[in-house]
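This structure is in structure tokens; I'll ask about it shortly.
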Amino acid sequence: MTLTVRVISPDKTVWDSEAEEVIIPSTTGQLGILSGHASMLTALDIGVMRVRAEKSKDWVAIALMGGFAEVEANEVTILINGAEKGDTIDKEAARIAYNEAESSLEKAENGDLQAKIKAQKALKRARARLQAAGGVN
């Protein structure tokens, strides 16, 4: 049996296909979903979702920018603030953005709390993009 997986952002459908397995970054940790999974609704953190496509058996990485996932009757619907498939992300540009976000966080460490939180979130987004593109970190 397979899962029907849909990843929907405000401006487009990022993924809509059958899959064997999905791993999502919930706010409480990584969550693996196979066919026959119990119905559930969970909040998603910024991170990388991995989908094992049914036909190719390859893993596809998608950078998610926070949202919600619903699992019901072998259908996984992910409503997300933003998402990018890893194969569409320029790895070198993602690495540069990650390094810049790290520098910004270091500078914000001694600043006000608001700047620190903003820098931490930017670093998390940059890390997700880099990981989805196949970079390390």
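The values are calculated or read from the model by the stated rules, or taken from the named source; none is laboratory data. What you see is a predicted model; the values in this text were computed from it and never measured. Ideal geometry is used to build each Cβ from the backbone, glycine not excepted, and the neighbour counts take in all protein chains shown. When the accessible area is computed, the model is the full protein with side chains, heavy atoms only, and any ligands, DNA or RNA have been set aside. Shrake-Rupley method; radii C 1.70, N 1.55, O 1.52, S 1.80 Å.
Tabulate in residue order the Karplus-calculated ³J(HN,Hα) for the stretch 4-15, using 6.51 cos²θ - 1.76 cosθ + 1.60 with θ = phi - 60°, rounded to whole Hz; enter x for Gly and Pro.
Those phi angles translate into 9, 10, 10, 10, 10, 9, x, 10, 6, 8, 7, 8 Hz.
Take the Cα coordinates of the stretch 89-133, assign each an equal point scatterer, and use the Debye formula without solvent to give log10 I(q)/I(0) at q = 0.23 Å⁻¹.
These q points yield log10 I(q)/I(0) values of -0.68.
Here's something else I'd like to know. Where in the stretch 70-87 does the amide nitrogen come within less than 12 Å of the point 7 Å from the Cα of S17, taken along Cα to Cβ?
85-87
Accessible surface of D112 in the full protein assembly, 1.4 angstrom probe, to the nearest 10 Å²?
Roll a 1.4 Å probe over it and D112 shows about 90 Å².
Helix 91-108 versus the longest principal axis of the chain: what angle, 0 to 90°, nearest 10, using Cα atoms?
So the helix axis and the longest Cα principal axis differ by about 50 degrees.
Using θ = phi - 60° and the Karplus form 6.51 cos²θ - 1.76 cosθ + 1.60, what ³J(HN,Hα) does each residue of the stretch 67-81 get, whole Hz, x for Gly and Pro?
Each residue of the stretch 67-81 in turn: x, 9, 10, 10, 10, 7, 6, 6, 10, 10, 10, 10, 9, 10, 5 Hz.
Does the stretch 33-137 classify as rounded, prolate or oblate by the C-alpha gyration tensor (a ≥ b ≥ c root eigenvalues; a/c under 1.5 gives rounded; else a/b over b/c gives prolate, otherwise oblate)?
Working: a/c = 3.64, a/b = 1.64, b/c = 2.22.
It comes out oblate by the Cα gyration axes.
Could you give the angle, 0 to 90 degrees to the nearest 10, between helix 113-132's Cα long axis and the longest principal axis of the Cα atoms of the chain?
Once rounded, one gets 50 degrees.
Related question: Tell me what the chain gives for mean residue ellipticity at 222 nm when only DSSP H runs of n ≥ 4 count, each as -39,500 (n - 2.57), the sum divided by the residue total, rounded to 500 deg cm²/dmol. Walk me through the intermediate numbers first.
Values: 2 runs with 38 residues, N = 137.
When only DSSP H runs of four or more count, the value is -9500 deg cm²/dmol.
Quick check: net charge around Q120, other residues with Cβ under 11 Å of its Cβ, Lys/Arg +1 and Asp/Glu -1?
So the surrounding residues net to +4.
So how do 84-90, 55-61 stack up, highest first, on mean other-Cβ count within 10 Å?
Working: 84-90: 16.3, 55-61: 12.3.
Going by the mean number of other Cβ atoms within 10 Å, highest first, we get 84-90, 55-61.
In µm²/s, what is D for the stretch 3-86 at 25 °C and 0.890 mPa s, where D = kT/(6 pi eta Rh) by Stokes-Einstein and Rh is the Kirkwood radius from Cα pairs?
Details: Rh = 12.3 Å.
So the translational diffusion coefficient is about 200 µm²/s.
Local charge sum around T4 (other residues, Cβ-Cβ under 11 Å, Lys/Arg +1, Asp/Glu -1)? Numbers along the way, then the final one.
Working: positive: R6; negative: D16, E18, E54, E72, E75.
Once positives and negatives cancel, what remains is -4.
Okay, next question. Taking all protein chains together and a probe of 1.4 Å, list M40, M1 from the most accessible to the least accessible. Working shown, then result.
Working: M40 45, M1 170 Å².
Accessible-area ranking of M40, M1, largest first: M1, M40.
A further question follows. Which residues' amide hydrogens lie under 5 Å from the amide hydrogen of I46, considering only partners 5 or more residues apart or on another chain, with H built in the peptide plane?
Those qualifying (amide H under 5 Å, at least 5 residues apart or on another chain) are G66.
In percent, what relative contact order does the chain have, based on Cα pairs under 8 Å that are 6 or more apart in sequence? Don't skip to the end; give the middle numbers.
Values: 297 pairs, mean separation 30.8, N = 137.
Across the chain, relative contact order equals 22 percent.
If you don't mind, another one. Run the numbers on the stretch 89-133 and let me know its relative contact order in percent, using alpha-carbon pairs under 8 Å that are six or more apart.
Result for the stretch 89-133 is 58 percent.
A follow-up question, please. Just the Cα atoms of the stretch 71-114: what Rg and Dmax do they give in Å?
Cα only, the stretch 71-114: 16.8, 49 Å (Rg, Dmax).
Now a separate question. Rounded to the nearest 0.05, what FRET efficiency do S103 and W59 have when you use their Cβ-Cβ distance and R0 = 41 Å? Walk me through the numbers on the way to the answer.
Details: r = 31 Å, r/R0 = 0.75.
Taking R0 as 41 Å, the efficiency between S103 and W59 is 0.85.
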